[in-house]
Amino acid sequence: MDLRNLHWTAVAKIVGLGAVLLVAAGVVFVWSGVYNVAASKDHLRITTWILTLIRERSIANRSFTIEVPPLDDDGMIRLGASHFEGACVACHNRPGEEINPIVSGMLPPPPDLMDIGKRRPPEEIFWIVKHGLKYTGMPAWPNTRRDDEVWAVTAFLASLPATAGNYRELAGLTRSQASSDERSVGGSALTACGRCHEREGTGTNGDRIPRLAGLPEAYLLRSLQEYAKGTRPSGAMEPVADLLSEDAMRELAAYYSALRPTAGNQSAPPDPEQLRRGEAIANRGIAHQGVPACLSCHSGRQSQQFPVLAGQHAEYIQEQIRLWRRGGRIGTYGRIMTAVAGALDEAQIEDVAAYLGSLPPGSATAPMTEVNR
């Protein structure tokens, strides 16, 4: 047969017939069940190659435009290690430890993350942690609104293997165990909380984790309830709160509200000029920007539904304001705080957070310090 002399309609028929036969062969292949989907047997080499190529190109293309923030902050790495301990060790195990033999039977098995920071750029790590990977057992982050939580995990993973030897301390596993009195509060829930949050005489595991000691009981209870309902987004706290009974939530809220706040631990001496600017915002607001005084609600003299911000970690306050500004926090008072946060610029956020963080923990009013007079 001289293919050069065939009419185009004949060529179209031949191509169409080939396509039909190919589809039919595919249907027979799928329907026959001849392909072994058991995790005990690896894919065909060609299948593994195709799936790997698709995965890697998809990750690279979708992470290409992601802007990476600074990831070398100790508090950020600690927060990421804490999240990793709570969400990731079940499959990936702790750095330096072998993966659980049951989990290693997954196909594909969870990768060893010890050198993930050398194998992948931070933007790819972020994208994988946030979105997960289809058909690998790797889930998306429980709440994709919380990029700050995902970046914390990314910071920790990018720090490996340098921080692997210090993992237990970074993740809060070496923090003091609960006393006999504490063990009666919330069952095992308090032990889990204490890995990140305060205990009697013990501060939080880093400055990205909020101080809870002395906060209003009603506010703490509402926070746990909103985490459990998913109306306050957090990929770290939603799964924790969802496991708590109403009674356990009330016990934990009462415990932390009654706990004596610990003294602040400024990482660096505050800048007097920054404190003056922050004091003005906290006490008087910024009228022409529509920003009310922070302490008109958050001094502890108003509703018990509002947290006291005096002595809270400045880094935590900053990140929460940014979270309100980008719409990452919803739920109660969401519209109010979103509008306030959106009216502040970055320098003003840093100023007011520094001032509030410089105050004695739990103080109801803003005492004038030497630098403020």
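Things worth noting here:
- Hits in the range 157-176 - residues which are in a loop (DSSP other than H, G, I, E, B) and more than 23 Å from Glu56 (Cα to Cα): Ala162, Thr163, Ala171, Gly172, Leu173, Thr174, Arg175, Ser176
- Of all residue pairs spaced 6 or more apart or on separate chains, none has beta-carbon atoms under 7 Å together with a first member in the range 33-61 that is farther than 30 Å from Phe126 by Cβ and touching a residue at least 12 places away in the same chain (Cβ under 8 Å) and a second member that is open to solvent by 80 Å² or more (accessible area, probe 1.4 Å) and among the charged types (D, E, K, R).
- Given (1) open to solvent by 50 Å² or more (accessible area, probe 1.4 Å); (2) under 23 Å from Gln318 (Cβ atoms); (3) free of Cβ contacts under 8 Å to residues at least 40 places away in the same chain, index of the condition Arg145 fails: (3)
- Count of the range 112-148 residues which are of a type in the set (S, T, N, Q) and under 16 Å from the mean Cα position of the chain (by Cα): 2
- Residue among Leu71, Leu79 that is part of a loop (DSSP other than H, G, I, E, B), touching a residue at least 40 places away in the same chain (Cβ under 8 Å) and surrounded by 10 or more Cβ atoms within 10 Å (Cβ to Cβ): Leu71
- Among the candidates Ser176, Ser188, Ser184, Ser180, residue that is modelled with pLDDT under 95 and in contact with a strand residue (DSSP E or B) (Cβ under 7 Å, 6 or more places away or on another chain): Ser176
- Positions within the range 203-256 being within 23 Å of Ala87 (Cβ to Cβ) and open to solvent by 40 Å² or more (accessible area, probe 1.4 Å), in sequence order: Arg208, Gln225, Lys229, Thr231, Met237, Pro239, Val240, Asp242, Leu243, Ser245
- The range 278-292 residues that are under 14 Å from Ile349 (Cα atoms), paired with ones that are open to solvent by 50 Å² or more (accessible area, probe 1.4 Å) and in a helix (DSSP H, G or I) (beta carbon under 8 Å, 6 or more apart): Gly285/Ser296
- Selection status of Arg94, open to solvent by less than 50 Å² (accessible area, probe 1.4 Å) and either in contact with a His (Cβ under 7 Å, 6 or more places away or on another chain) or among the charged types (D, E, K, R) (or both): no
- Restricting the range 116-156 to residues that are of a type in the set (D, E, K, R) and not in a loop (DSSP other than H, G, I, E, B) leaves a set whose member that is farthest from Ile209 (Cα to Cα) is Arg119.
- Complete set of residues in the range 231-246 that are within 22 Å of Arg208 (Cα to Cα) and among the hydroxyl-bearing types (Ser, Thr, Tyr): Thr231, Ser234
- Boolean, Leu22 is at negative phi, free of Cβ contacts under 8 Å to residues at least 24 places away in the same chain and open to solvent by 40 Å² or more (accessible area, probe 1.4 Å): yes
- Among the numbered conditions (1) in contact (Cβ under 8 Å) with a residue 40 or more places away in the chain; (2) open to solvent by 30 Å² or more (accessible area, probe 1.4 Å), the only one that Pro109 does not meet is (1).
The values are calculated or read from the model by the stated rules, or taken from the named source; none is laboratory data. Computed from a predicted model, the values in this text were never measured in an experiment. Cβ: placed from backbone, ideal geometry, glycine included. Neighbour counts: every protein chain shown. Remember, those area values only see protein heavy atoms, side chains included, never the ligands or the DNA or RNA. Shrake-Rupley method; radii C 1.70, N 1.55, O 1.52, S 1.80 Å.
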